[in-house]
Every structure is written in structure tokens, then in C-alpha cells.
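K.L.:
The structure that follows is given in the form of C-alpha cells.
The values are calculated or read from the model by the stated rules, or taken from the named source; none is laboratory data. Worth saying up front: this structure is predicted, and the values here are computed from it rather than measured. Here the Cβ positions follow ideal geometry from the backbone for every residue, glycine too, while neighbour counts run over all protein chains shown.
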């Protein structure tokens, strides 16, 4: 009985293989798909730059050539060009990576904690509520950056690059918090968190004790918006970026206002967190980022 079962099973397997092979031939699937044993694309100068500048020193892979299933976009997104991809990465290395390296003494900190994958999109993702999605940290393993095709080194276009750097520091702040959570008292400083943050302007948010309107969406977002705003600057509501201190002075109602005191209380917790959790002098990191920004634009 067992022999008969095995024989029948063997015949079934042979028949299945034969049918599958015939079906492949009928469908014309003679050449395996790209990435599954098929033809591969040649290494471009941009690929080599990524390998030398990010993969080797930081163990980071960069995906700018979209592959099926890699990006789950619910909206139309423009892919990044190779030229803009390289330009954006050079900018991030100069104004975001190197300031960290200078403070920590080597590339080891970013190599350990920075996500191992960067995915790049040429444009932003426009949401139905009118907001624009500019970045995402995916479980601490990947970072998605948008609007790559708009990056330039020109001073007149500095807001584009500052926005991208702001997004990168925001998402990296999330990843650091996933490793070591920020102090709980931070969540009690402000009470105006809302899901309708996109209906509030940045200047109005500052009058309520939040550094940006997006900071009003949740305490976690508030914390990393403080981090990125202190390092890179803040959107000032007019398609530009101002230094963190200038925004506090101009848009909170003055140093004696409750809003100013709330933001300064959050600042103190951010600085203490980086010192205790990561042994990083946040003000020194801030100075490094400022110098790198001012020296990068033409």
C-alpha cells in the first residue's frame, strides 16, 4: 500500500513539473525576472558613490531605483533622478552626518544607529487632508525621504535642503527614541495635542507652546520636532526656515510668555536626554550643524 501511495505521489509530482514547464513555455517565461536570476543593471557612477560614501562607512544601502513592492504609495509619486539623488546625499553627508561624526569622534555612532536603508522619492506625498508627507522612519531599519528632485546648493533655494535635513533629523530622532525612550515628563509640558494639527499654522502653534504645527500631533512628534528644529531651524510659515532662537524670540509672545517657557522647558529635556542617553553635547552638535549649513550653500 505504501509503495502504491509513493508511486502515485511520484507520478503526481512529475505531472506537476511537466505541466509547470509547459505553462512557462506557453507564457514566454523563459528569462527569469530581474533580481531573480535574470539580467542585472550596470553599476552607475551614482551607485559607486553610494557604495563608497554610505555603504562602506555607514553600512547603509540607498534605493533610488524603484523596485516592485519596495514603496507602498497610495498616491502618485515622482521617482528621483540619479543626478539629484547624488546631490541630495552629498548634502546630507555634509550638513547632517559629519556634524555627528565630529561630536562623537568617528563614524561608529551613525554606523550603529542610523537605519540601514534609505529610500528616496523625487516628490512629496500629498495627503487628502492637505498635508504633505516628507519622511518616514520604518521601525528603525529604514528611512524614507521625499522631494529629492528639488534639492539644490543655491542659497536662494536653501529652504528645500533645510527641509530635507529637518526631516532626516526628525526621523533619526525617532530611531534614537526607539532605542532609549525620552523622559516621560516631556509629555506633560504641553496639553494641546491634536489630530487636526494641519489646520494650525506654525506661527500659531508657537503661541501655544509648540515649535511647529506638526509637533502638536503627538508628544513623540513634539520631541523630535524640537530636535530637528534646534539643529536645522524651523519653517517660518513663509516657505523659508529661520534659526530656532529667532523663531522663539519672534513668534512665542516674548520670553515671559507661557509658550516661550514651555518650549524652553522642552529644550532642556532634549539637551539632558542626549547627554544622559547618548553622551552627546547637543549644543555642540547644534553649532556643528549651523556651521555646516552656512558653509554649504553657494
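One line per residue, one yes/no per condition, for (1) more than 26 Å from residue 123 (Cβ to Cβ); (2) under 14 Å from the mean Cα position of the chain (by Cα):
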site: 154; (1), (2): no, no
site: 166; (1), (2): no, yes
site: 180; (1), (2): yes, no
site: 185; (1), (2): yes, no
site: 189; (1), (2): yes, no
site: 197; (1), (2): no, no
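K.L.:
Out of all the residues in segment 104-119, is one or more at pLDDT below 95 and farther than 16 Å from residue 58 by Cβ?
P.N.:
No, because not a single residue in segment 104-119 is at pLDDT below 95 and farther than 16 Å from residue 58 by Cβ.
K.L.:
Could we say that residue 227 is outside any strand (DSSP E or B), under 22 Å from residue 283 (Cα atoms) and modelled with pLDDT of 95 or more here?
P.N.:
The answer is yes for residue 227.
K.L.:
Here's something else I'd like to know. Give me a count of the residues in segment 201-249 that are out of contact with any strand residue (DSSP E or B) (no Cβ under 9 Å at 6 or more places or on another chain) and surrounded by fewer than 21 Cβ atoms within 10 Å (Cβ to Cβ).
P.N.:
16
K.L.:
Right, another one. Any chance segment 25-36 includes a residue that's at pLDDT 55 or above and assigned to a loop (DSSP other than H, G, I, E, B)?
P.N.:
no
K.L.:
Residue check, residue 165 against (1) under 27 Å from residue 294 (Cα atoms); (2) in contact with a helix residue (DSSP H, G or I) (Cβ under 6 Å, 6 or more places away or on another chain); (3) at pLDDT 90 or above, all met but one. Which one?
P.N.:
Residue 165 satisfies every listed condition except (3).
K.L.:
Starting from residues that are within 30 Å of residue 160 (Cβ to Cβ) and touching a residue at least 40 places away in the same chain (Cβ under 8 Å), keep the ones in segment 275-285 and report whichever is surrounded by the most Cβ atoms within 10 Å (Cβ to Cβ).
P.N.:
285
K.L.:
Another question about this same structure. Of the residues that sit in segment 103-115 and are more than 19 Å from the chain's Cα centre (by Cα) and surrounded by 15 or more Cβ atoms within 10 Å (Cβ to Cβ), which one is nearest to residue 159 (Cα to Cα)?
P.N.:
Among residues in segment 103-115 that are more than 19 Å from the chain's Cα centre (by Cα) and surrounded by 15 or more Cβ atoms within 10 Å (Cβ to Cβ), the one nearest to residue 159 (Cα to Cα) is 103.
K.L.:
Please work out which one of (1) under 23 Å from the mean Cα position of the chain (by Cα); (2) exposed (fewer than 13 other Cβ atoms within 10 Å of the Cβ); (3) closer than 18 Å to residue 109 by Cα is the condition residue 294 fails and give its number.
P.N.:
Status for residue 294: all satisfied but (3).
K.L.:
Let me ask something additional. Kindly establish whether residue 148 is crowded, with 19+ Cβ neighbours inside 10 Å, modelled with pLDDT of 95 or more and touching a strand residue (DSSP E or B) at 6+ places or on another chain (Cβ under 7 Å).
P.N.:
So residue 148 fails the test.
K.L.:
Going residue by residue through segment 164-183, is there one that turns out to be assigned to a loop (DSSP other than H, G, I, E, B), out of contact with any strand residue (DSSP E or B) (no Cβ under 8 Å at 6 or more places or on another chain) and closer than 29 Å to residue 87 by Cα?
P.N.:
no
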